[in-house]
Amino acid sequence: MVAMSELSVINARRPAAFAAVSDEEWSDWRWQHAHRLRTAEALSAVIRLRDDERQACERATERFPLAVTPYYASLMRPDDPGCPIRLQAIPRLAELERHPSDLADPLAEDEHRVAGALTHRYPDRAMLYTTHSCAVYCRHCNRRRKVGDPTSAPSKDDLRAAVAYLRQHPEVRDVLVSGGDPLSLSDERLDELLGSLRAIPHLEIIRVATRAVVTLPQRVTRDLVGVLRRHQPIYVATHFNHLAECSSEAAAALYALADGGAVIVNQMVLLKGINDDPAMVGRMNQWLLKNRCRPYYIFQCDPAVGISHFRTPIAAGLEIIEALRGFTSGLAVPHYVVDLPGGGGKVSLQPEYLLRREGKRLTFRNYLGKTFVYDEV
Ligand SMILES: *Cc1c(COP(=O)(O)O)cnc(C)c1O
Ligand code: SF4
């Protein structure tokens, strides 16, 4: 394995506010975490904030905290209010609005809890919640009702109860470790948790869902990779939403994870005015593939309270799939899914390729719009 220090690329875009920071500090996730930008004033040193953003930093953060790593801030275009990184990390006043269709717990995750820190909705897999802390608080977070509030995070007893439940349920063969961000745990705590899951013989695979690869790629250290390697097979689900997040630092983190034996998949959330752009998604997915990360899902934005300004029509997601299928590698084409409000689970949507069915004769269109016939026997 190539040593990670050889891979970590020094950030050429480092903002002037951080010019005095040494390369060692900048590439140390602890430094990044400790120096997160948490107020309008701190952000102003890096980007030019508008008055409404400044107000939102005060008012919207009463409901959902503000935190941006210097690294993630360095990806922002300082003078562009439409910058896709900025729109994901800087609060807006629209977060204070409530659309009539908004739901506090859109996926009924709390209702479907079977143990302190576990939602078991599907037959053979379950979702485990760890910490409620994240390196950067994504403004579009669908768990914003509790993420960012340390008092709501599962306790050690909740985690123990979840592990005990999994031990008693042999039908569960796949567990998703989620949060918040599980990489907010220390290596030791993560090792302990993954170890207790790996000790359950019927748990075939463990997935770790994290946004840190995007917002704090420095977190992917050799030690962390060692922890994940010990508990294989591990799937890591990342959350890249835009090509602007596809930096050399993120590439180095993916490289290290893949070389450490993890299978990496990406879950993108479709966000209005940010990534509802088929050409950009195509290029991002190709970049991800090149870096050994398979695009897995595009999620329709959930109707959580205060994020309706991020929601696109369903047609926007279908357009992306339509623009990818056939035009680029099938590996670059994720499933577009709607997680049904109220806990119905995920359903995947496809553009319609079957034009008509006459008895055993089916007429399709292909990706270029030409029609073809298939006869069933
Ligand atoms: C999304 C989800 C899963 C995993 O679903 P996959 O389609 O297998 O990725 C499991 N449990 C819950 C509660 C989920 O929301
Ligand atoms: S990292 Fe995930 S859990 Fe944390 S704020 Fe972002 S979307 Fe929410």
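What to note about this one:
- Qualifying trypsin sites (Lys or Arg not before Pro) in region 325-377, where qualification requires a DSSP coil assignment and no more than 15 other C-beta atoms within 10 Å, comprise Lys360, Lys370.
- Pairs of Lys residues in the chain that lie 8 or more places apart, or on two chains, and have C-alpha atoms under 27 angstrom apart add up to 6.
- Summing charges over neighbours of Val163, with a neighbour being any other residue whose Cβ is under 12 Å away from its Cβ, gives +1 when K and R count +1 and D and E count -1.
- Cut-off 12 Å between beta-carbons: net charge of the residues surrounding Leu340, Lys and Arg +1, Asp and Glu -1: 0
- Element breakdown for region 1-147 at a 1.4 angstrom probe: carbon and sulfur atoms account for 51% of the accessible area.
- A straight line joining the Cα centroids of region 230-295 and region 110-124 runs 27 Å.
- Ellipsoid fit via the Cα gyration tensor, region 267-377: semi-axes of 28, 19, 12 Å, each the root of five times an eigenvalue, largest first.
- Its residues counted as N, region 1-352 yields a C-alpha radius of gyration over 2.2 N^0.38 Å of 0.95.
The values are calculated or read from the model by the stated rules, or taken from the named source; none is laboratory data. Predicted model only: the values in this text are computed from it and were never measured. Positions of Cβ are generated from backbone atoms using ideal geometry, with glycine treated the same way; all protein chains shown enter the neighbour counts. Protein only, heavy atoms only, side chains kept; ligands, DNA and RNA dropped before computing areas. Shrake-Rupley method; radii C 1.70, N 1.55, O 1.52, S 1.80 Å.
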